Amino acid sequence: MFNKKKNAPPQKVVVQGGPLSCQHCQKDRFHAMRGQLNTKLASLIDLDVFNPEADCYVCASCGFVHWFLKGN
Ligand SMILES: [Zn+2]
């Protein structure tokens, strides 16, 4: 009875030891993506000093994108 879905279901996310809730709607289910910050964009907004790799979480409810840059 289970259909295979292309996309994983939204899930709860923990960032820096704390549960992530949407900045806009306060829901706690997100679709996770990684490495979407390309170098062209990084150069455009002067992020060359950062590692351009980023985790981003798209709110499953409203679509608000939360970005977490991994610059050390
Ligand atoms: Zn939201």
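In terms of modelled amide H atoms, which long-range or inter-chain residues lie less than 5 Å from the amide H of residue 64?
Here 59 satisfy the definition.
Taking the Cβ-Cβ separation of residue 16 and residue 65 as r and a Förster radius of 22 Å, what is the calculated FRET efficiency to the nearest 0.05?
0.80
Residue by residue through segment 53-67, what is 3J(HN,Hα) from phi via Karplus (6.51 cos²θ - 1.76 cosθ + 1.60, θ = phi - 60°)? Round to whole Hz and write x for glycine and proline.
Rounded to whole hertz, the list is 6, 9, 9, 10, 10, 9, 4, 6, 8, 10, x, 4, 9, 9, 9.
Using 0.36 nm times the number of residues separating residue 34 and residue 8, minus their current alpha carbon distance, what extension gain do you get?
Between residue 34 and residue 8, full extension yields 8.0 nm more.
Take peptides 59-67, 17-25 and line them up by average Cβ neighbours within 10 Å, highest first, as a rough protection proxy.
In decreasing order of mean packing, 59-67, 17-25 become 59-67, 17-25.
Any read-out appearing in this document is the output of simple, stated calculations on the displayed coordinates, not a laboratory observation. The structure presented is a predicted model; accordingly, all values stated were derived computationally and were not measured. For neighbour counting, all protein chains shown are included, and Cβ atoms are generated from backbone atoms with ideal geometry for every residue, glycine included.
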